[in-house]
Amino acid sequence: MNAPLPQDTAATDPLAFTGKARVALTDPRLRANFRRAMDGLMSKRAGQFADADEWRALRARGAEARARALAKLPDLLERLERRCAENAITVHWAETTGQANAIVLDILTAAGAKTVIKGKSMVSEEMHLNAHLAAHGITAIESDLGEYIIQLAGEAPSHIVMPCIHKNKAEIAALFAEHIPGQPYTENVDDLTGAARNALRGAFASADAGISGVNFAVAETGTLVLIENEGNGRLSTTLPPLHIAVTGIEKVLEFLDDVPPLLSLLPRSATGQPITTYVNMISGPRRPGEKDGPQAVHLVLLDNGRSRVYDDPQLRDTLRCIRCAACLNHCPVYTRVGGHSYSFTYPGPIGKILSPQLEGLDCAGDQPHASSLCGACAEVCPVEIPIPDLLVRLRGEAISPTSRAVKGGGSARSLGDRLGRRLSTAILGQPRLYGLISGLAGRIGDRLPSWLPGLNRWTRVRSKPAFARRSLHALARERGYADE
């Protein structure tokens, strides 16, 4: 394997969503890659939940488990810390991604670690951990096949579950031929998978430490639950002498009995399979007499704005997410523009409500508007997150903030907006004035050219709306709002 590997390039792009989405829409290969993948994922998921009654019952159990855990989150986090300590897992608290990176670096430095093998982790992407470690002389190698591919490409993930879903076989073949010594160009999937396996096998055995994410952390038992399909996660957490797990504070569950329904919901929603190939439950480092496992286990609990989200009773539902990405797979916007259009770690519908809250509406205020509000995301969410309702709420917070829990609230408010609201309120409060203005709009509206600034944002992608002058004015007359 060539060294050094390309490191994390997930830093926020200066282009806003609108500009990046416009570029993506002109890329036929990107759109074809996503369309092909999403059609398959939606079909597989539908097959897994063919029994509507079973889906509703299982979904209700999953939603209840997540909602109950969030309702008790402060207490459960303390209980988790106590139980982990009893299991010889060292728990660290990080308020920001900077603190989390410093904690991980301190642990690795104290252990003399220079190479790290990583299992898949969206929180480590949120932290931009690879780049931080590289800046301090520590090489981090992604062991998940999809993450490994985009690491070779120097890109950020474009999907929560399948990071390289935006690439086709030809692109991956070219990457492997360029970055893996002795690897010929081939589009044979088995050969490509074997090449990655051979390149990573030595990294598993020689790594000084392993880093992973966490799917669920059980407060009752102090257990870290990781699910995966490739076995790389198990190798990353078992072979190296040191294991560091990083996770957001919202991933806590109250009881071990809460895990089974979520283990059924997550893979069926994510990839259309009844269960993942590997389910790992980690309850501590290697004990006397055991033949494998790390000598030390650390758990880093990251806040990074989650406590602020938690403080709002409605927006708290955002934290129920189990990262299955079903909402991405069914979103008509995401499937056409891809994950990189969103600029932030979490793309798609869940990203549209999570990123503005973590980053601030002043930074990610365009995200809640990147939606048609069709409701497909809410229909397929396995833990019943009302994503469209939260999108509407965040749109409103950007104009008229109602909660200090929303970072950057009111950032989209302007003098023109305030004047427009006051004017519309005045017009709607005067029936005769409303009738007069609607009648005038009907008479002149159809004569407006489609290239008119402001109107052309609509007409670039759809027909200019025709003003129904007769119906508007007739309605006003019928209700007594206008003179005959």
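The values are calculated or read from the model by the stated rules, or taken from the named source; none is laboratory data. The shown structure was predicted, so the numbers you read here are calculated from the model rather than taken from an experiment. Cβ atoms come from the backbone with ideal geometry, glycine included; neighbour counts cover every protein chain shown. Surface accessibility is based on the protein's heavy atoms, side chains included, excluding ligands, DNA and RNA. Shrake-Rupley method; radii C 1.70, N 1.55, O 1.52, S 1.80 Å.
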Looking at this model, which pairs from Lys169/Lys251; Lys251/Lys407; Lys72/Lys114; Lys114/Lys352; Lys20/Lys114 are more than 29 angstrom apart at the alpha-carbon?
-> Lys169/Lys251; Lys72/Lys114; Lys114/Lys352; Lys20/Lys114
Relative contact order computed over the stretch 227-360 (Cα-Cα under 8 Å; 6+ residues apart), in percent | 27 percent
Expressed as an acute angle from 0 to 90° and rounded to the nearest 10, what is the orientation of the C-alpha long axis of helix 431-445 relative to the principal long axis of the chain?
-> 80 degrees
In the chain, what cysteines have no partner Cβ closer than 4.7 Å?
-> Cys84, Cys164, Cys321, Cys324, Cys331, Cys363, Cys374, Cys381
Quote the accessible area belonging to Val279 in square angstrom, nearest 10, computed with a 1.4 Å probe and with ligands, DNA and RNA left uncounted.
-> 50 Å²
Taking max minus min of the Cα coordinates of the stretch 57-143 on each principal axis, largest first, gives extents in Å of 48, 28, 22
Two-site label geometry, Asp191 and His369: point separation in nm, points 7 Å out along Cα→Cβ = 4.9 nm
Restricting to Cα pairs under 8 Å and 6 or more apart, the percent relative contact order of the stretch 271-348 works out to 13 percent
Unit Cα scatterers, Debye sum, the stretch 308-423: log10 I(q)/I(0) for q = 0.20 Å⁻¹ = -1.04
Once the piece of chain linking Ala88 and Glu54 is laid out straight, how much longer is it, given 0.36 nm per residue of separation minus the C-alpha distance between them?
-> 8.3 nm
Relative contact order of the stretch 40-188, pairs being alpha-carbon contacts under 8 Å that are 6 or more residues apart, as % = 11 percent
Bin all alpha-carbon pair distances of the stretch 214-265 at 5 Å intervals from 0 and give each bin's fraction as a whole percent.
-> 4, 18, 27, 24, 19, 7, 1
Using a 1.4 Å probe over the heavy atoms of the protein chains, calculate the carbon and sulfur portion of the accessible area of the chain as a whole percent.
-> 54 percent
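Tally the DSSP beta bridges in the chain and give the antiparallel ones as a percent, rounded to 5.
Taking every DSSP beta bridge with both residues in the chain, the antiparallel ones total about 25 percent.
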Tally Lys and Arg at +1 and Asp and Glu at -1 over the other residues with C-beta under 14 Å from the C-beta of Thr96: what net charge comes out?
-> -1
At each listed q (0.13, 0.18 Å⁻¹), what is the log10 of I(q)/I(0) that the Debye formula gives for the stretch 230-364 modelled as equal alpha-carbon point scatterers?
-> -0.74, -1.24
Computed log₁₀ I(q)/I(0) - Debye formula, equal Cα scatterers, no solvent, the stretch 1-152, q 0.09, 0.10, 0.15 Å⁻¹ | -0.52, -0.64, -1.17
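Relative to the compact globular guide of 2.2 N^0.38 Å, what is the alpha carbon radius of gyration of the stretch 138-266, as a ratio?
1.19
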Would you please name the GluC sites (Glu not before Pro) within the stretch 367-399 that are DSSP coil residues with at most 12 other C-beta atoms within 10 Å of their C-beta?
-> none
Return P(r) of the chain (all Cα-Cα pairs; 10 Å bins starting at 0; whole %; ordered from short to long distances).
-> 4, 17, 27, 25, 14, 7, 4, 2, 0, 0
With every protein chain left in place, what is the accessible area per residue of the chain in square angstrom, probe 1.4 Å?
-> 45 Å²
